[in-house]
Amino acid sequence: MNELLAFFTERTESMVALLEQLVQMESPTTSKPHVDRLSAHVAALCEALGAEVTVYPRAETGDLRVAMWNRDAPGRPILLLAHLDTVWPVGTLETMPIRRESGRFYGPGAVDMKGGVVVALEAIRGLIDRGELPHRPIWLFLNSDEETGSVHSRGLIEELARQVGLVLVMEPGTEEEALKIWRKGIARYTVTVTGRASHAGNAPEAGINAIIEAAHQALALHALNDLPNGTSVSVTRISGGIAGNVIPPEASLFVDVRFLKMSEAQRVDASIRSLEPTLPGAEVTVTGGIDRGPMEHNEQMARTVAQARAIAASIGLELHGDGSGGASDGNFTAALGVPTLDGLGAAGTGLHAAHEQVIIRSLPRRAALLARILTDWEFPADS
């Protein structure tokens, strides 16, 4: 076994202990006090490791924090993106208790993504203990609202990303420890149909049935799918009507769009915004739009992954790539043209599910990989 990998493997139990500590501190996005409590705790751990921590208060969600090592060192910073919020409400531990079984650690938020926070902290701790923390700026961003779309953090994420040379996203890797080398982008729309109410028994012909119009629109939206090219257009929710004996005067559709290329996002966006009513007198309005661009597997991604694979090989690890139809904060940074590697957190499965789990052996392996990326990463000459 490679010496660095052996070093971190000896620390596996301390990593599991830290993971259990973080999972015990429940932190649903919707509970600012709980997220703030965990964020302050992780910030204290960073400060104990020599970081300078800046707090960015938020009124509606947990406060954001950025820990910086070697703040004034020369060169482009490396930015680690992590989030502390989870989808699990307070009290979930009572029905979904922490357990350890067959080399796996189970618990709410374990893999998404408190395991990634553990990997980041332990990689830096290990480098410090070895006297190998590189003299380059290393920033760790602690998000509080990733699970609800990073509405209150996106601006700061993008501001930080514009200043760095590499972004490392601590989202979980696959069970096989593959990186996420592409992610689909997301667009969301609400299509609202306005018709005219009338009595369903006495004068149905006097009404304009908004639900019927919405059905036509749903079919038009479905026709925009291009699944072979990675584009999905899904009507995921429909509502309408005011009473069982009234021709419905209104209806609405919620539309989820996923895409691999921005060109596809633009095609679908233009088509949705040009929707026309089918029934005489009906009106169609569209709100929403492109939420975040894709993390494309382009030439820059190929170069970035190639360097990561070479670094992994230097410590005896084989690094593979995979993708995801779900987005992460890495979508924001990749869309800015900043080299981005995603899925560097703990490996596991069961995200947002009752069997959420971390593969314990992945913790030291990921910590060793992250540590070596931090020490050995080479920026292009023009960076």
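Observations on the structure shown:
- Just so you know, in segment 233-254 the residues that are among the hydroxyl-bearing types (Ser, Thr, Tyr) and free of Cβ contacts under 8 Å to residues at least 60 places away in the same chain include one that is surrounded by the fewest Cβ atoms within 10 Å (Cβ to Cβ), and it is 236.
- Summed over segment 26-47, residues that are surrounded by fewer than 18 Cβ atoms within 10 Å (Cβ to Cβ) and under 20 Å from residue 106 (Cβ atoms) total 0.
- Residue in segment 167-175 that is of a type outside the set (Gly, Ala, Ser), surrounded by fewer than 24 Cβ atoms within 10 Å (Cβ to Cβ) and within 16 Å of residue 344 (Cα to Cα) present: yes
- Number of positions in segment 69-90 that are of a type in the set (Ser, Thr, Tyr) and out of contact with any strand residue (DSSP E or B) (no Cβ under 7 Å at 6 or more places or on another chain): 0
- Pairing each residue of segment 294-313 that is surrounded by fewer than 18 Cβ atoms within 10 Å (Cβ to Cβ) with any residue that is modelled with pLDDT of 95 or more and hydroxyl-bearing (Ser, Thr, Tyr), provided the two are 6+ apart or on different chains, yields no C-beta distance under 7 Å.
- Among residues of segment 200-211 being surrounded by fewer than 19 Cβ atoms within 10 Å (Cβ to Cβ) and assigned to a helix (DSSP H, G or I), the one that is nearest to the chain's Cα centre (by Cα) is 211.
- Filter result (buried (at least 20 other Cβ atoms within 10 Å of the Cβ) and among the hydrophobic types (A, V, I, L, M, F, W, C)) within segment 320-346: 327, 332, 334, 338, 341, 344, 346
- Spans of helices (runs of 4 or more DSSP H) in segment 90-166 with at least 1 residues at pLDDT 95 or above and within 19 Å of residue 12 (Cβ to Cβ): 115-129
- One residue stands out in segment 120-143 among those that are in contact with a strand residue (DSSP E or B) (Cβ under 6 Å, 6 or more places away or on another chain) and more than 13 Å from residue 373 (Cα to Cα): the one that is surrounded by the fewest Cβ atoms within 10 Å (Cβ to Cβ), namely 139.
The values are calculated or read from the model by the stated rules, or taken from the named source; none is laboratory data. On a predicted model such as this, the values are computed, not experimentally measured, just so you know. Here the Cβ is made from the backbone with ideal geometry for all residues, glycine too, and neighbour counts use every protein chain on show.
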